[in-house]
Amino acid sequence: MDFPFSLIQSLRAAQRIVALTGAGISAESGLATFRDAQTGLWSKFKPEELATPDAFRRNPKLVSDWYAWRRGESLKAEPNAGHCALVEMEKRAPQFLLVTQNVDGLHARAGSRRLIELHGNLHRFRCFENNCASDNFDVENGRCRSCGGNLRPDIVWFGEMLPADGLESAVAAAEKCDVFFSIGTSSVVYPAADLWRRAKEGDAIVIEINKDPTPLTLLADHSFLGKASEILPALVEQIYVHQNRGAQ
Ligand code: BV8
């Protein structure tokens, strides 16, 4: 795959890179995305019935079982070449930050360290009623031993505020970055879908890598439509590997 040489040069010169990822980067690890028409989770399940605090209040067992199923799926999955290419970029770029909307934990398992899980993580829990300390959780039975209340996944549901520190760090990094990647996301869920605009306002180069067109496709400086596990490794190869070969 060839990329415009001017883009490769800009990426080689970039000091601060921010990458935002969504469910699309985990699709090739066998995890369903949310909105893909046939295969997406929302084609089978209604978000308002499963991914909101009210849904949990109405039927904690239904919601907990759904997240237990997703937890099992994500543990069976392995990071793919797309996840690994971002680990490589983190190692090579002077400053790099990975902001993910994914709750599957695959970026951390791939080795990403400069990582913000904006919407939480499937493998962590919280006390739903009283936010009690996590050292007294009966995860097996989904109970908080401190107050006897239900445990919920440590995930940001629709209508809930994102963790302030994670969001502030993501916005600050986006505003200061030279290059902003939007990878495997439909760019429709806010506030994550607004980060590219912060980067653009800071004169960053905005690059989209996505299987299908999104509301960002015509607004980005570059939009590469295709699979993240193919495009990202090819890009990293051209930015960093060819650079070294050239230097020899
Ligand atoms: C909040 C955790 C505020 C749960 C998630 C109207 C206008 C603007 C905003 C709103 C509005 N009405 C409501 C809102 C707010 C709402 C929102 O944005 N709704 C949208 C739908 C309009 N946002 C919120 O509720 C947020 N909170 O706003 O609070 C507030 C203010 C005051 C007081 C109180 C509160 C909370 C948002 C977080 C919700 N939680 N997930 C869980 O996981 O179960 S969001 C969920 O969807 C995911 O986490 C993800 O973040 C998000 C987006 O999904 P994507 O990752 O993009 O996945 P999707 O399937 O959509 O797209 C995948 C893409 O990948 C596709 O484009 C496909 O082409 C591509 N692809 C597929 N395969 C590949 C690929 N690309 C490359 N390679 C491949 N192989």
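The values are calculated or read from the model by the stated rules, or taken from the named source; none is laboratory data. Quick caveat: nothing in here was measured; it's all calculated off a predicted structure. A quick note on method: Cβ atoms are made from the backbone with ideal geometry, for glycine too, and the neighbour counts reach across all protein chains shown.
In the set V189, V241, V206, V236, only one residue is assigned to a loop (DSSP other than H, G, I, E, B) and among the hydrophobic types (A, V, I, L, M, F, W, C); that residue is V189. Could you tell me whether the stretch 191-204 includes any residue that is under 30 Å from G72 (Cβ atoms), exposed (fewer than 14 other Cβ atoms within 10 Å of the Cβ) and near the ligand (Cβ under 10 Å from one of its atoms)? Taking every residue of the stretch 191-204 in turn, at least one turns out to be under 30 Å from G72 (Cβ atoms), exposed (fewer than 14 other Cβ atoms within 10 Å of the Cβ) and near the ligand (Cβ under 10 Å from one of its atoms). Among residues of the stretch 178-194 that are on the phi > 0 side of the Ramachandran plot, those with a beta-carbon under 6 Å from a residue that is surrounded by fewer than 19 Cβ atoms within 10 Å (Cβ to Cβ) at least six positions away or on a different chain give the pairs S187/P215. For the stretch 10-53, how many residues are in contact with a helix residue (DSSP H, G or I) (Cβ under 8 Å, 6 or more places away or on another chain) and more than 12 Å from the ligand (Cβ to nearest atom)? Result for the stretch 10-53: 6. Taking residues in the stretch 217-230 that are under 16 Å from A204 (Cα atoms), and partners anywhere that are part of a loop (DSSP other than H, G, I, E, B), the pairs with Cβ atoms closer than 7 Å and at least 6 places apart or on different chains are S223/T217. Looking across the stretch 54-70, the residues that are surrounded by fewer than 16 Cβ atoms within 10 Å (Cβ to Cβ) and either of a type outside the set (A, V, I, L, M) or near the ligand (Cβ under 9 Å from one of its atoms) (or both) come down to D54, R57, R58, N59, K61, D65, W69. Listed by position, the helices (runs of 4 or more DSSP H) enclosed by the stretch 23-90 that each have at least 1 residues that are touching a Phe, Trp or Tyr at 6+ places or on another chain (Cβ under 8 Å) are 41-44, 47-50, 53-58, 60-76.
Consider the stretch 138-152. How many of its residues are part of a loop (DSSP other than H, G, I, E, B), within 20 Å of T52 (Cβ to Cβ) and either within 11 Å of the ligand (Cβ to nearest atom) or in contact with a helix residue (DSSP H, G or I) (Cβ under 9 Å, 6 or more places away or on another chain) (or both)?
Residues in the stretch 138-152 being part of a loop (DSSP other than H, G, I, E, B), within 20 Å of T52 (Cβ to Cβ) and either within 11 Å of the ligand (Cβ to nearest atom) or in contact with a helix residue (DSSP H, G or I) (Cβ under 9 Å, 6 or more places away or on another chain) (or both): 1 in total.
Listed here are the residues, each with its yes/no results for (1) charged (D, E, K, R); (2) touching a residue at least 60 places away in the same chain (Cβ under 8 Å); (3) closer than 19 Å to I155 by Cα.
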position	(1), (2), (3)
A14	no, yes, no
I17	no, yes, no
T21	no, yes, yes
S29	no, yes, no
R35	yes, yes, yes
S43	no, no, no
K46	yes, no, yes
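Evaluate the stretch 159-182: report whether one residue or more is in contact with a helix residue (DSSP H, G or I) (Cβ under 7 Å, 6 or more places away or on another chain), crowded, with 16+ Cβ neighbours inside 10 Å and more than 22 Å from D203 (Cα to Cα). No, there is no match, as no residue in the stretch 159-182 is in contact with a helix residue (DSSP H, G or I) (Cβ under 7 Å, 6 or more places away or on another chain), crowded, with 16+ Cβ neighbours inside 10 Å and more than 22 Å from D203 (Cα to Cα).
For the stretch 153-177, filtering for residues that are of a type in the set (G, A, S), without any contact (Cβ under 8 Å) to a residue 12 or more places away in the chain and either within 13 Å of the ligand (Cβ to nearest atom) or in a strand (DSSP E or B) (or both) leaves 1.
Of note, S229 satisfies the criterion of being surrounded by 14 or more Cβ atoms within 10 Å (Cβ to Cβ), in a helix (DSSP H, G or I) and modelled with pLDDT of 95 or more.
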